[in-house]
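Please read the structure below before turning to the comments.
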């Protein structure tokens, strides 16, 4: 065999290997091919090619593994069992930038599926190797490493701590300063994933100076970056008063509020989430947002949103209202109650209804004035219907019950209470009758209206257990009227009168 034939054979072998890894990489992009490739035993064939003498074949083999693991949790597990991770981790320190990006992609694809698979990446030394990649000159390598670290950190506090312990946080903050937009996005996203688990992890991110750099990006023209920036600020703010105050001190408000009208719906949602996380902590923090005009903008946001996009805004109104009478009145004056009523009438998802009901309860429970506003938009019958609806979840029913009780105990506006005397469970009815027993003794006009509207008659028809709280309230209501009027409206009294009529002899009366 000639030298030319030998070189030709070697060249054809190299071309075949290259063609194989490229074909597998292309096929692995499509989820429908994954099981077929797995059943054909593709992993053992790809594994040796990670050590191929040709760098391009190494890179494409890693890319193919990444696509396989990315599309299938089962194949991600198989990558771990095939003992591929240690080889990838080792190569991150020595190979070229193209291979490093592909190797980081494999680690990300494995880690994203579960905490257990992420733990396998950690145990292989993957986190330390990825953090070293954050110091690379090439922005693509940094981006791939930051993305993989985010997939590890997002699962739980322990994995997130592993990322922090490896020194990732300050390097991720430096990535925020890079000119490449994609790198900024991934760095902000990973900082968000680290911060979300515990106050201690969020504090670690804050200690790197992250808030100031994130705050500078809230008015970026890039919607995807803004999504991640507001997400990170939300995750930091949610843990404690001190962390929320640090975000406020970065002077992101009122500028951030303009993003409630951003064209990107996820930017709007993340801003609403940030506001919710800030206001939940103290009346003072809630007042900061109110003073910036946040309530009116949030109510406009609710009017322009639907479904899960509304949820943080609904919760934000509830948190503000929960703090004090004055803040609840601020929600009312911003037309928050009619907007919540509209949301409730349009919503079909149980968990969102639960949030709306909770927020309504927080607004109406403070005083008679607050309860009157809730009552006059016809919300009490709606809450009652949801409470009595067999299709409502147990949690929704409990929230309706609690909201009704809180509002009814403050409501003294009788026109909204009277419809609740009809077809109401006794555990709700007692609160309604109780309010009548408080108001009627002091209001002669109300007593007259109560008689002419049929309210007194309805009270006489209520069947209450002797000695129960409901019976005591009924007795208190009856004591507000002359005995003969109470008797007149009592069940069976008309039959008594008719009987007396039948037994009445006018001749005997003379």
Original post:
What spacing in nm lies between the two simple spin-label points modelled at residue 3 and residue 284, each 7 Å away from Cα in the Cβ direction?
Top reply: 8.5 nm
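If packing is taken as the mean number of other Cβ atoms within 10 Å per residue, what is the order of 315-324, 206-215, highest first?
In descending order of packing, they fall as 315-324, 206-215.
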Subject >> the chain pair-distance distribution - Cα-Cα, 20 Å bins, rounded % >> reply: 19, 35, 25, 14, 6, 2, 0, 0
Subject >> Fewest-first sequence of 82, 483 by Cβ atoms within 10 Å of each Cβ >> reply: 483, 82
**OP:** Report, in whole Å, the centroid distance computed from the Cα atoms of the stretch 159-224 and the stretch 420-467.
**Re:** 59 Å
**OP:** Sorted from largest down, give the three principal axis spans of the alpha carbons of the stretch 19-169, whole angstrom values.
**Re:** 40, 29, 22
Original post:
Per q in 0.18, 0.27, 0.29 1/Å, what log10 I(q)/I(0) does a Debye calculation on the alpha-carbon atoms of the stretch 19-84 return?
Top reply: -0.55, -1.24, -1.40
Subject >> For the stretch 278-411, alpha-carbon Rg over 2.2 N^0.38 Å >> reply: 0.96
**OP:** Between residue 300 and residue 138, take the C-beta separation as r, use R0 = 51 Å, and let me know the FRET efficiency to the nearest 0.05.
**Re:** 0.70
**OP:** May I ask you to compute the full-extension gain from residue 394 to residue 377, defined as 0.36 nm times their residue separation minus their alpha-carbon distance, rounded to one decimal in nm?
**Re:** 3.6 nm
**OP:** Please pull out the direction-averaged projected area of the stretch 334-399, using the convex hull of its alpha-carbon atoms, in nm² to one decimal place.
**Re:** 4.1 nm²
Original post:
Ranked highest first by the average count of other Cβ atoms within 10 Å around their residues, in what order do 162-168, 356-362 fall?
Top reply: 356-362, 162-168
Original post:
Taking 0.36 nm per residue of separation and subtracting the Cα-Cα distance, what length does fully extending residue 402 through residue 346 add?
Top reply: 18.0 nm
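How high is the relative contact order of the chain, in percent, counting Cα pairs under 8 Å that sit 6 or more residues apart?
Reported relative contact order: 6 percent.
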Original post:
Where does helix 139-153 land angle-wise versus the long Cα axis of the chain, in degrees 0 to 90, nearest 10?
Top reply: 50 degrees
Subject >> Distance between modelled label sites at residue 324 and residue 222, nm, 7 Å Cα→Cβ extension >> reply: 4.1 nm
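Given the -39500 (n - 2.57) contribution per DSSP H run of 4+ residues, what per-residue ellipticity at 222 nm results for the chain, rounded to the nearest 500 deg cm²/dmol?
-21500 deg cm²/dmol
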Original post:
Expressed in nm to one decimal, what extension gain is obtained for the pair residue 261 and residue 180 from 0.36 nm per residue of sequence separation less their Cα-Cα distance?
Top reply: 26.6 nm
Original post:
What is the helix-to-structure angle for 493-503, meaning the angle in degrees between its Cα long axis and the longest Cα principal axis of the chain, kept from 0 to 90 and rounded to the nearest 10?
Top reply: 20 degrees
**OP:** Please determine, in degrees from 0 to 90 and to the nearest 10, the orientation of helix 181-195 with respect to the longest principal axis defined by the Cα atoms of the chain, where the helix direction is its Cα long axis.
**Re:** 60 degrees
Subject >> Whole-angstrom gap from the stretch 19-72 to the stretch 299-317, using each part's C-alpha centre >> reply: 45 Å
Original post:
residue 443 versus residue 40, label points 7 Å from Cα toward the beta carbon: distance in nm?
Top reply: 8.0 nm
**OP:** Mind giving me the FRET efficiency for residue 483 and residue 422? R0 is 25 Å, r the Cβ-Cβ distance, nearest 0.05 is fine.
**Re:** 0.50
Original post:
What shape does the stretch 197-291 have by the C-alpha gyration tensor, where a ≥ b ≥ c are the square roots of the eigenvalues, rounded means a/c under 1.5, and otherwise prolate means a/b greater than b/c and oblate the rest?
Top reply: oblate
**OP:** Order the peptides 277-285, 48-56, 184-192, 461-469 from the highest to the lowest mean number of other Cβ atoms within 10 Å of their residues.
**Re:** 184-192, 277-285, 48-56, 461-469
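Every read-out reported here was derived from the displayed coordinates using simple, explicitly stated rules and does not represent laboratory data. Small disclaimer: the values here were computed from a predicted structure and weren't measured. Here Cβ is always computed from backbone atoms with ideal geometry, including for glycine, and neighbour counts include all displayed protein chains.
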